[in-house]
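A short write-up of the structure that comes next.
The values are calculated or read from the model by the stated rules, or taken from the named source; none is laboratory data. Because the structure is predicted, anything quoted here is derived from the model rather than measured. Note that we place each Cβ from the backbone using ideal geometry, even for glycine, and neighbour counts take in every protein chain shown.
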């Protein structure tokens, strides 16, 4: 990924380059924004024909942008996301006041088209003729195994139940949040269920199955996992993107001490689940930060820099110096990152397979657009499928295709995703926010149907079950039920329609050439 230095450009050209930086501190899906050519932005600004007064005001807005981006660098994860959204809204209001109506339309049209391109398949139409289908890297089903597996069935990669039936996983994550209310929120876990998940599990399962869900994701309490298929997450490194600087760190994966420690973690975490036939599969670390450039832009050291900065006697530092001695002038950071990934995944993969030989290994839960292909390539030999957490309200087909190719054609599970809407009590919510529950349901229906149209998508897991306000961020992490346990009625009713129709389409899948038309989007309120 190439970057530009605004200081090398003229005043307005520098401002134009700064405009492109908003993707770096915005909302997950736009991490590649700097790949756009700043010249086109310069031409945009020149076409506005700003007066001297407007130009001075615009330069002030760019100064405020730099200042704001500096503050955003100090934040992480969803806290950064919420702050970036607030900043962008404030900036939009300021620019609308600064520009004339015609100037604003030109500005808004340009950026609307620009960001739309980021969420769609890039580049001109392919006129080179039919392309070979991407491989579906999974074995043909030979027999039921009594455990979940991944196999090729009916022209697609599919999860397969212990009984040998194809399974499209529609699940909900973070069920465990029911037992962790924020201060001032009703404590249903104590008052209704007596602090006992055995009491809560039947109600949760009844709700989920009533809304068309057939599984749960990570954050599933043990008693619920005895009643419904689920996936289990295991934290293997402190590399989660949303961790603050005090918690975030890169392990020295070349250190035998770390290798022994992470193997012990895997043994401890896998033991309670390995004999449960409801276990769909196992995840490792959530939202790991691998991308070298994104690490720098986020204010965090990247993994290669972390190995370089270790003490001289540390295994990772010694391995880096050996790497440089071997490669000389050809010693690129990207190649050493590949070596880190190769070592890391070999340790995790061998031990997880040893401990859970009959379970699906999903590997780490990757953020889309922030995970290099070389990392996925190195994980591929040790995993059965890929887990991805996308952002945005559009299914980014190009990004999923990239990940699918990098994995060697493995299936992909959308392991955590949400689209939210404001409520009277909580106007600020996590994830992409749409104005109403109805719009959320309609957009959700299109998203899941677009995902199903890809023959390698294994399922879709929604974040999350119950509303949880996060006071330190001032935002609501929105679920399917409110904090008092009552469902978001309109939302769950429409999602239930979508889920039932999606499972019906999956059951009647007739090959990858099948197209889902807008009128087929179940759950759409357009009646």
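In segment 254-264, the qualifying residues are those that are surrounded by 17 or more Cβ atoms within 10 Å (Cβ to Cβ) and over 13 Å from residue 354 (Cα atoms), and the one that is nearest to the chain's Cα centre (by Cα) is 262.
In segment 413-453, of all residues being in contact with a helix residue (DSSP H, G or I) (Cβ under 6 Å, 6 or more places away or on another chain) and in a loop (DSSP other than H, G, I, E, B), the one that is nearest to residue 283 (Cα to Cα) corresponds to 430.
Among residues of segment 204-220 that are free of Cβ contacts under 8 Å to residues at least 24 places away in the same chain, those with a beta-carbon under 9 Å from a residue that is part of a loop (DSSP other than H, G, I, E, B) at least six positions away or on a different chain give the pairs 205/227; 205/228; 209/228.
Quick one: in segment 175-216, of everything that is in a loop (DSSP other than H, G, I, E, B) and under 25 Å from the mean Cα position of the chain (by Cα), which residue is modelled with the lowest pLDDT?
If we take residues in segment 175-216 being in a loop (DSSP other than H, G, I, E, B) and under 25 Å from the mean Cα position of the chain (by Cα), then 182 is modelled with the lowest pLDDT.
Checking the conditions here, which among 423, 436 is without any contact (Cβ under 8 Å) to a residue 24 or more places away in the chain and either more than 17 Å from the chain's Cα centre (by Cα) or assigned by TED's automatic domain parsing to the domain that holds residue 179 (or both)? Write out each step before concluding.
On the way: 423 fails: without any contact (Cβ under 8 Å) to a residue 24 or more places away in the chain.
Just one listed residue meets the conditions, 436.
Report whether or not residue 280 is closer than 30 Å to residue 150 by Cβ and not in a loop (DSSP other than H, G, I, E, B).
Numbers: closer than 30 Å to residue 150 by Cβ: yes; not in a loop (DSSP other than H, G, I, E, B): yes.
So residue 280 fits the description; yes.
Only one of the listed residues (273, 235) is surrounded by fewer than 15 Cβ atoms within 10 Å (Cβ to Cβ) and in contact with a helix residue (DSSP H, G or I) (Cβ under 9 Å, 6 or more places away or on another chain). That residue is 235.
Residues 224, 170, 159, 188: which one is more than 30 Å from residue 354 (Cα to Cα), in the same structural domain as residue 482 (by TED's automatic domain parsing) and in contact with a strand residue (DSSP E or B) (Cβ under 9 Å, 6 or more places away or on another chain)? Give the derivation first.
Working: 224 fails: more than 30 Å from residue 354 (Cα to Cα); 170 fails: more than 30 Å from residue 354 (Cα to Cα); 159 fails: more than 30 Å from residue 354 (Cα to Cα).
Only one candidate passes the filter, namely 188.
Any residue in segment 248-266 that is touching a residue at least 12 places away in the same chain (Cβ under 8 Å), within 21 Å of residue 431 (Cα to Cα) and assigned to a loop (DSSP other than H, G, I, E, B)? No, because not a single residue in segment 248-266 is touching a residue at least 12 places away in the same chain (Cβ under 8 Å), within 21 Å of residue 431 (Cα to Cα) and assigned to a loop (DSSP other than H, G, I, E, B).
Just the residues that are closer than 17 Å to residue 461 by Cα and either under 12 Å from the mean Cα position of the chain (by Cα) or surrounded by fewer than 23 Cβ atoms within 10 Å (Cβ to Cβ) (or both), please, taken from segment 397-411. Reasoning before the result, please.
Of segment 397-411, the ones closer than 17 Å to residue 461 by Cα are 400, 411.
Within segment 397-411, just 400 meets the criteria.
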